[in-house]
Each structure stands twice: as structure tokens, then as C-alpha cells.
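The values are calculated or read from the model by the stated rules, or taken from the named source; none is laboratory data. What you are looking at is a predicted structure, and each value in this text was computed from that prediction instead of being measured. Counting neighbours? That spans all protein chains shown, and the Cβs are built from the backbone with ideal geometry, glycine included. Surface areas here come from the heavy atoms of the whole protein model, side chains and all, with no ligands, DNA or RNA. Shrake-Rupley method; radii C 1.70, N 1.55, O 1.52, S 1.80 Å.
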Amino acid sequence: QVQLVESGGGLVQPGGSLRLSCAASGSIFSVANMGWYRQAPGKEREWVAGITTTGGRSYLDSVKARFTISRDNVKKMVYLQMNNLIPEDTAVYYCKLVAPGGMDYWGKGTLVTVSS
């Protein structure tokens with residue numbers, strides 16, 4: 001059974017940084033692609049960043065120069081380093097695991113608020 005638990009959210013001023021973490025349980029982490037999504041108030045959930053099993057990375061254009069996704073297959077962790085945060089980054093951030101065969105697993109999210 002796969003479980004994902006996000007942490008690291010909080011209140012930060014514009015221009016600040018946060019590092020989100022996603023801890024995974026189960027045995028398929030190393031063979032699963034991982035992603036970060038976010039959902040702002042009143043908006044649909046959107047994809048933010050993804051990382052493949054071999055470390056290939058991709059980003060939403062609006063975060064490409066500011067966010068970095070990484071993974072540690074030994075610790076079964078995925079991270080999202082977020083720099084130069086802006087108010088538009090305010091959202092609940094979710095971790096997603098895409099298992100071989102296509103089944104998706106989601107965490108419950110962590111809230112990021114960017115405000116002065």
C-alpha cells in the first residue's frame with residue numbers, strides 16, 4: 001500500500017524560500033514517477049513539477065527558474081525547493097506518485113502561503 005505525506009509548508013514573505021518534502025511508503029517508489037501539484041483557492045489543481053525514475057525533470061513554465069524537484073530513492077523522499085516565492089504561489093501543494101501500470105496516489109497536501 002502506498003502512502004504519501006507532505007510537509008514543509010507554511011507562511012513565507014514574498015521573495016522567500018521553502019522546501020517541501022514528500023515521504024512515501026511502500027515498495028514501488030524507485031520505479032514510480034513523482035510529481036508536485038498545487039491548488040490555489042478557487043482554482044483547479046495544476047501540475048507544478050515532475051521527476052522520472054531516472055531523474056528527468058520538468059516544470060510548469062511559471063516556476064521553472066525558481067523551483068527544483070529532486071528525489072532520494074533510498075529514503076523514499078521527493079522534495080520541492082521553492083525560491084523567490086511570489087503571492088501567486090500560494091496554494092495547497094500535493095505530492096503524486098504514478099505507479100507502473102498507471103495508478104495514481106496522492107498525499108493530503110501541505111499549505112504554502114506567500115504573503116507580507
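Kindly provide the set of residues from segment 97-116 that are of a type in the set (Val, Ile, Thr) and under 17 Å from ILE51 (Cβ atoms), ordered by number.
Taking segment 97-116 first, the residues of a type in the set (Val, Ile, Thr) are 98, 110, 112-114.
VAL98, the sole residue that qualifies.
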How many of the residues in segment 1-37 are closer than 13 Å to TRP106 by Cβ and either basic (Lys, Arg) or touching a strand residue (DSSP E or B) at 6+ places or on another chain (Cβ under 6 Å) (or both)?
11
Restricting to segment 43-59, name every residue that is modelled with pLDDT of 95 or more, part of a loop (DSSP other than H, G, I, E, B) and open to solvent by 40 Å² or more (accessible area, probe 1.4 Å).
LYS43, GLU44, ARG45, THR52
Residue pairs meeting the criteria (Cβ under 8 Å; at least 6 apart or on separate chains; first under 15 Å from MET82 (Cβ atoms), in segment 52-63; second surrounded by fewer than 13 Cβ atoms within 10 Å (Cβ to Cβ) and of a type in the set (D, E, K, R)):
LEU60/GLU46; SER62/GLU88
For segment 82-106, which residues satisfy the criterion of being open to solvent by less than 60 Å² (accessible area, probe 1.4 Å) and out of contact with any strand residue (DSSP E or B) (no Cβ under 9 Å at 6 or more places or on another chain)?
GLY102
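Would you mind stating whether VAL92 is modelled with pLDDT of 95 or more, touching a helix residue (DSSP H, G or I) at 6+ places or on another chain (Cβ under 7 Å) and assigned to a strand (DSSP E or B)?
Details: modelled with pLDDT of 95 or more: yes; touching a helix residue (DSSP H, G or I) at 6+ places or on another chain (Cβ under 7 Å): no; assigned to a strand (DSSP E or B): yes.
Taking the combined requirement at face value, the residue does not satisfy it.
Kindly indicate whether ALA40 is without any contact (Cβ under 8 Å) to a residue 60 or more places away in the chain, under 16 Å from THR110 (Cα atoms) and not acidic (Asp, Glu).
Values: without any contact (Cβ under 8 Å) to a residue 60 or more places away in the chain: yes; under 16 Å from THR110 (Cα atoms): yes; not acidic (Asp, Glu): yes.
Yes, satisfied.
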Taking segment 1-22 only, how many residues are modelled with pLDDT of 95 or more and either open to solvent by less than 40 Å² (accessible area, probe 1.4 Å) or closer than 16 Å to THR53 by Cα (or both)?
11
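Quick one: how many residues across segment 95-116 are part of a loop (DSSP other than H, G, I, E, B), without any contact (Cβ under 8 Å) to a residue 40 or more places away in the chain and closer than 16 Å to SER25 by Cα? Steps first, answer last, please.
Going through segment 95-116, the residues part of a loop (DSSP other than H, G, I, E, B) turn out to be 99-103, 107-109, 115-116.
From what's left, without any contact (Cβ under 8 Å) to a residue 40 or more places away in the chain: 101-103.
Going one step further and asking which of them are closer than 16 Å to SER25 by Cα, we end up with 103.
So the answer is 1.
Kindly evaluate VAL78 against the criterion of being in a strand (DSSP E or B) and free of Cβ contacts under 8 Å to residues at least 60 places away in the same chain. Can you show your working first?
Working: in a strand (DSSP E or B): yes; free of Cβ contacts under 8 Å to residues at least 60 places away in the same chain: yes.
So VAL78 passes the test.
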